[in-house]
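Accompanying notes for the structure given below.
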Amino acid sequence: MPADLILIAYDGSDNAKRAIDYAGRFLMTKRAIVVTAWEPMVRQAARMSGLSGVMQPEWVADDETEDVALTDAKAINEEGIRLAGEAGLEVEGHCAECTTAIWSAIVEKADDLDVDIIVTGTRGTTGLRSLLQSSVADHVLRHSHRPVLIVPPGK
């Protein structure tokens, strides 16, 4: 029985583009949602200043202007939608705001949309580097109760 709906995690990387290509080629469903997770700039700044040990200045986002991170996420998502369409998928896009971690935004969006499978690329790190830099794809696999197709990087 073919899946009704797939979620493709898309961040604009070559590995994410490869994941879209494989989803279009190998999954029977043609209905897909391309999801780009994003983190508001105020949270990024707070996280970075906390890592550096520097006091964070009081920063209040301007309600009149769109967050630059959301603007970037929308552009990246549009590219993913275009690529998925070219891969033969009937597609729509979503930008998912990240409140804790990128992987959790993807898993939560998959649950909200009740998708049948999550498709993601991976950086393909190995050895010590993979221990120091946890993979979003690995976390999605470990924390989602849905099937996950992880497409490794090409040669």
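The values are calculated or read from the model by the stated rules, or taken from the named source; none is laboratory data. Keep in mind that what you see is a predicted model, and the values were worked out from it rather than measured. Backbone-built Cβ (ideal geometry, glycine too); neighbour counts: all protein chains shown. Heavy atoms of the whole protein, side chains included, go into the accessibility calculation; ligands, DNA and RNA do not. Shrake-Rupley method; radii C 1.70, N 1.55, O 1.52, S 1.80 Å.
Overview of values
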| item | result |
| --- | --- |
| Residue pairs meeting the criteria (Cβ under 6 Å; at least 6 apart or on separate chains; first within 16 Å of residue 149 (Cα to Cα) and touching a residue at least 24 places away in the same chain (Cβ under 8 Å), in region 98-121; second open to solvent by 60 Å² or more (accessible area, probe 1.4 Å) and not hydroxyl-bearing (Ser, Thr, Tyr)) | 107/143; 116/4; 117/147; 121/18 |
| Set 61, 45, 105: member being at pLDDT 85 or above and small (Gly, Ala, Ser) | 105 |
